[in-house]
Amino acid sequence: GIQVEQSPPDLILQEGANSTLRCNFSDSVNNLQWFHQNPWGQLINLFYIPSGTKQNGRLSATTVATERYSLLYISSSQTTDSGVYFCAVEQDSGAGSYQLTFGKGTKLSVIP
Amino acid sequence: EAQVTQNPRYLITVTGKKLTVTCSQNMNHEYMSWYRQDPGLGLRQIYYSMNVEVTDKGDVPEGYKVSRKEKRNFPLILESPSPNQTSLYFCASSLFRDRGIGEQFFGPGTRLTVL
């Protein structure tokens with residue numbers, strides 16, 4: 001099956017700093033999604049981004065499908081950004097695999 | 001309010017005692033899925049359903065069953081739970097996009113402990 005690797009595994013930032021999280025995947029994908037899991041365990045969809053660039057406030061994401069990676073940018077980080085960030089992909093098996101494979105996540109801690 | 005609900009949120013049980021975790025969504029989504037989350041392993045897909053009466057195995061289906069008799073409900077059944085099924089379980093749902101699964105909406109999670 002497809003492999004999804006996220007880096008770095010852990011990241012500590014001072015409030016106000018910027019960061020870039022990376023997601024590499026081993027095969028062609030139908031779609032790619034970024035999620036944030038807050039410290040209380042809730043999972044929120046941040047981006048559905050099979051290719052191209054999207055922005056939502058201080059967050060933006062870019063997927064370069066031909067090179068099999070995606071980047072999540074967090075600017076002017078706030079303590080509420082803390083948590084774990086996951087990327088997940090659906091492998092392109094021609095007819096739609098309907099399976100979502102997650103990376104192991106990047107744990108972000110933003111300190112005041 | 002558009003949401004995915006799961007019940008119970010917390011459950012402690014004993015080995016071998018059958019249990020069901022319910023999942024319901026009110027967004028008319030075709031696709032529903034169950035995941036388990038374990039420390040260091042991320043989220044892994046257990047089962048998914050493309051529509052009513054259409055289900056398929058994910059990466060870790062052993063020891064679980066599902067059913068999709070109605071579009072809104074997708075219960076997860078553990079017929080004989082074992083301690084290695086102690087985990088945090090998430091249900092999710094989505095529409096389909098042009099190319100596969102759409103944006104996943106997650107329930108609040110169910111923390112299961114099997115003694």
Task: Reachable aspartates and glutamates, given that their alpha-carbon falls under 12 Å from the alpha-carbon of residue A:104 and they are not under 8 places away in the same chain - done: A:5, A:10, B:38
TODO: For chain B, take the alpha-carbon Rg, divide it by the Kirkwood Rh, and send me Rg/Rh.
DONE: 0.95
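May I ask you to derive the FRET efficiency for residue B:2 and residue A:107 from their Cβ-Cβ distance with R0 = 41 Å, giving the value to the nearest 0.05? Intermediate values should be presented prior to the final figure.
Details: r = 28 Å, r/R0 = 0.69.
That pair, residue B:2 with residue A:107, gives E of 0.90.
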- [ ] Provide A:110, B:52, A:89 in ascending order of the number of other Cβ atoms located within 10 Å of each residue's Cβ, fewest first.
- [x] B:52, A:110, A:89
Task: For B:93-106, mean number of other protein chain Cβ atoms within 10 Å - done: 6
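Please state, to two decimals, what the Cα-based radius of gyration of the protein assembly as shown comes to when divided by 2.2 N^0.38 Å (N = residues). Don't skip to the answer; put the middle values down first.
On the way: Rg = 17.4 Å, N = 227, 2.2 N^0.38 = 17.3 Å.
The protein assembly as shown yields a ratio of 1.01.
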Task: Sequence-separation-based contact order of chain B, relative, with Cα cut under 8 Å and 6+ spacing, percent - done: 35 percent
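Can you sort B:23, A:87 by how many other beta carbons sit within 10 Å, fewest first? Show your work: numbers first, answer last.
On the way: B:23 24, A:87 31.
Starting with the residue having the fewest Cβ neighbours, the order is B:23, A:87.
Taking only Cα atoms of segment A:15-112, what ratio of Rg to Rh do you get with Rh as the Kirkwood inverse-distance radius? Don't skip to the end; give the middle numbers.
Details: Rg = 13.5 Å, Rh = 13.8 Å.
Rounded to two decimals, Rg over Rh is 0.98.
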Task: Label-zone membership for segment B:17-51, site residue A:26, 7 angstrom Cα→C-beta point, backbone N under 18 Å - done: B:41-45
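Starting with the fewest neighbours, write out B:27, B:50 ranked by other beta-carbon atoms found within 10 Å of each beta-carbon. Intermediate results must be reported in sequence, preceding the final value.
Working: B:27 12, B:50 17.
Exposure proxy ranking, most exposed first: B:27, B:50.
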Task: Gaussian network model of chain B, Cα within-10 Å springs - most flexible of B:61, B:39, B:81 - done: B:39
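Read the figures in this text as sums done on the coordinates, not as results from a lab. These figures come from a predicted structure and were not determined experimentally. So basically every Cβ, Gly included, is an ideal-geometry build from the backbone, and we count neighbours across all protein chains shown.
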